Amino acid sequence: MKKSKLLIICISIFSLTLNAQIKKGTNLADLGIGISSYGVPIHAGFEHLITNEIGVGASVNYTSYKDTGYLSDYKWTFIYGGLKGNYHFNELLKLDSKFDVYGGLTLGYWSASEKNSNISYSSSYGNSVFFTGQIGARYFFADNIAALLEAGGGNISGLTAGVSFKF
């Protein structure tokens, strides 16, 4: 009987420490790729949790796309960068420590340029400030490494899959 009570206490303490997977002071670095008709976007991001639920950070996305036409070759380049804030729903939803579900807002700047090889033409046809939202989830398959899926947030593809590193 005493061994089963001790086992229950140990499991409870272990569970409490696991639920602190994402907490104040945690840093997250993300690397990912997306799917787009404009090439394969590359995503990099950073977030620092200032409370157990609120994180702030930045992200950048890049892709380049070439098209060979009948009369000329075109190359487009897209770069999105922004500052973001996220709310992490782990404590509110009482999620398992392996999951991190979040949503937030991003304020950023995007730049799109085009080059035409045959007529020495270059244009910056799409530069603008943007304000958008994002939702995402991480699944920690190791203490400091998680699979990442994020939609929105100024991602060129709209959906990014990748990996997150916690430190």
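The values are calculated or read from the model by the stated rules, or taken from the named source; none is laboratory data. Note that the structure is a prediction, hence the values are computed from the model and not measured. Virtual Cβ from ideal backbone geometry, glycine too; neighbours counted across all protein chains shown. Remember, those area values only see protein heavy atoms, side chains included, never the ligands or the DNA or RNA. Shrake-Rupley method; radii C 1.70, N 1.55, O 1.52, S 1.80 Å.
Taking a virtual spin label 7 Å from the Cα of T132 along the C-beta vector, which residues in segment 79-100 bring their backbone nitrogen under 15 Å of it?
Backbone N within reach: 79-85.
Tell me the per residue accessible area of segment 21-70 using a 1.4 Å probe; a whole number in Å² is fine.
Numbers: 2680 Å² over 50 residues.
With the other protein chains kept in place, segment 21-70 gives 54 Å² per residue.
Counting Lys and Arg as +1 and Asp and Glu as -1, what is the net charge of the other residues whose Cβ lies under 12 Å from the Cβ of K115?
Here the charged neighbours net out to -1.
Quick one: net charge around K98, please, counting Lys, Arg +1 and Asp, Glu -1 for every other residue with C-beta under 15 Å from its C-beta.
Surrounding charge for K98 is 0.
Need one number: nm distance between label points at A151 and K98, each 7 Å from Cα along Cα→Cβ, rounded to one decimal.
2.3 nm
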